[in-house]
Amino acid sequence: MASCAHLESTPLTPVPADFEPFCLGCALDGGEWVHLRRCLTCDYRGCCDSSPSKHASAHARETGHPVITSAEPGELWRWCFVDEVGA
C-alpha cells in the first residue's frame, strides 16, 4: 500500500477512553452519518464521505489536519487527505 510523509509521521493511536460514537457536526446540525472517522491530530470525530455532510473531510480542509482513521469497531486503517493514500 502507498504511503506518504503524513502517514509516516502520524501513527494510529488508541481511541480515547472518553470517545463517544457520534459525529460532532451531525449532532450540531441534526444530520445523520453512515460511518465515523477520527482525526489523528485532535481526535475530532466526524462522518465519512458517504455521509451527506462529510464532516471528517470538511474538518481536514478547515484545520489542515491531514490524517484520519476509522472510528468503527474492528477497523484499523489511516487515510491522508493531502496525498489521498491510505495505510
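Numbers below:
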read-out: Selection count where residues are in contact (Cβ under 8 Å) with a residue 24 or more places away in the chain and either more than 17 Å from T63 (Cβ to Cβ) or among the small types (G, A, S) (or both), scope segment 14-30; value: 8
read-out: Sole residue being of a type in the set (D, E, K, R), over 18 Å from G86 (Cβ atoms) and buried (at least 20 other Cβ atoms within 10 Å of the Cβ), chosen from R45, R37; value: R45
read-out: Subset of segment 1-21 [crowded, with 19+ Cβ neighbours inside 10 Å and assigned to a loop (DSSP other than H, G, I, E, B)]; value: T10
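Since every read-out is calculated from the coordinates, none of them should be taken as a lab result. Since the structure is predicted, the reported quantities are computational estimates derived from the model, not experimental observations. Neighbour counts are summed over all protein chains in view; Cβ atoms, including those assigned to glycine, are modelled from backbone coordinates with ideal geometry.
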